[in-house]
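K.L.:
My structure is below; once you've seen it, I'll send some questions.
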Amino acid sequence: MAITLFWLEKGILLLGILCLLTGILQYGRRSHDWKGVITMFYKRVPLSVTEFKWYRSGIAFVLIAVVLKVLLFTLWPHQVV
């Protein structure tokens, strides 16, 4: 069970990072404002609907991966590296 959750957490984290990068690249290509990509994490930038969906789903997947990591360290502290 611990090994399955370990690989599930890694997969969800990778999926989240890919979703984030997709949203960021879509915004950069559309707006040609590559400085806005940096400010996207702490300031509002005008995203289209699809860019927003990719960005928010990426954030959600990364948060789920963090929760799984905490769950793994809580339930099986010595089994997972």
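K.L.:
Only one of the listed values, (i) 11.8, 34; (ii) 16.4, 58; (iii) 15.6, 48, was derived from the coordinates as Rg and Dmax of the Cα atoms in Å; which label is it?
P.N.:
Here the calculated entry is (iii).
K.L.:
Leaving out ligands, DNA and RNA, what percent of the accessible area of the chain is carbon and sulfur, probe 1.4 Å?
P.N.:
Values: 4280 of 5840 Å².
Heavy-atom surface of the chain belonging to carbon and sulfur, 1.4 Å probe: 73 percent.
K.L.:
What trypsin sites (Lys or Arg not before Pro) in the stretch 11-81 are in a loop by DSSP, with at most 12 other Cβ atoms within 10 Å of the Cβ?
P.N.:
Values: sites: Arg29, Arg30, Lys35, Lys43, Arg44, Lys53, Arg56, Lys69; in loops: Lys43, Arg44.
Hits after loop and neighbour filter: Lys43, Arg44.
K.L.:
On to the next question. Have a look at Gly16, Ser31, Met1 and report the one farthest towards the positive end of the charge dipole of the chain, computed about the Cα centre with Cβ charges (Lys/Arg +1, Asp/Glu -1).
P.N.:
So the residue furthest toward the plus end is Ser31.
K.L.:
Then there's this: Count the lysine pairs in the chain whose Cα atoms sit under 27 Å apart, keeping only pairs 8 or more residues apart in sequence or on different chains.
P.N.:
Details: Lys10/Lys53; Lys10/Lys69; Lys35/Lys43; Lys35/Lys53; Lys43/Lys53; Lys53/Lys69.
Lysine pair count for the chain: 6.
K.L.:
Give the angle, between 0 and 90 degrees and rounded to the nearest 10, that separates the Cα long axis of helix 49-75 from the longest principal axis of the Cα atoms of the chain.
P.N.:
20 degrees
K.L.:
Given a Förster distance of 30 Å, report the FRET efficiency between Val45 and Leu75 from their Cβ-Cβ distance, rounded to the nearest 0.05. Intermediate values should be presented prior to the final figure.
P.N.:
Values: r = 39 Å, r/R0 = 1.30.
With a Förster radius of 30 Å, E is 0.15.
K.L.:
Can you give the helix-only mean residue ellipticity at 222 nm for the chain, where every DSSP H stretch with n ≥ 4 adds -39500 (n - 2.57) and the sum goes over all residues, rounded to the nearest 500 deg cm²/dmol?
P.N.:
My calculation for the chain gives -27000 deg cm²/dmol from helical runs alone.
K.L.:
If you place +1 on the Cβ of every Lys and Arg and -1 on the Cβ of every Asp and Glu, how big does the dipole about the Cα centre of the chain come out, in debye to the nearest 20? Write down the numbers at each step before the final one.
P.N.:
Values: 9 positive and 3 negative charges, 57 e Å.
Value, rounded to 20: 280 debye.
K.L.:
Sketch the reach of a paramagnetic label on Val67 as a point 7 Å from Cα along Cα-to-Cβ, and name the residues of the stretch 4-36 whose backbone nitrogen lies under 19 Å away.
P.N.:
4-20
K.L.:
Using only Cα atoms, tell me the angle between helix 2-31 and the longest principal axis of the chain; keep it within 0 to 90° and round to the nearest 10.
P.N.:
Once rounded, one gets 0 degrees.
K.L.:
Could I have the simple spin-label model distance between Ile3 and Leu25, label points 7 Å from Cα toward Cβ, reported in nm to one decimal?
P.N.:
Using points 7 Å along Cα→Cβ, the separation is 3.3 nm.
K.L.:
Per residue, how large is the accessible surface of the chain? Use a 1.4 angstrom probe and give square angstrom. Each step should come with its number before you reach the end.
P.N.:
Values: 5840 Å² over 81 residues.
It amounts to 72 Å² per residue over the chain.
The values are calculated or read from the model by the stated rules, or taken from the named source; none is laboratory data. Predicted model only: the values in this text are computed from it and were never measured. Counting neighbours? That spans all protein chains shown, and the Cβs are built from the backbone with ideal geometry, glycine included. The protein model used for the area step is the full one, side chains on, heavy atoms only, and it has no ligands, DNA or RNA in it. Shrake-Rupley method; radii C 1.70, N 1.55, O 1.52, S 1.80 Å.
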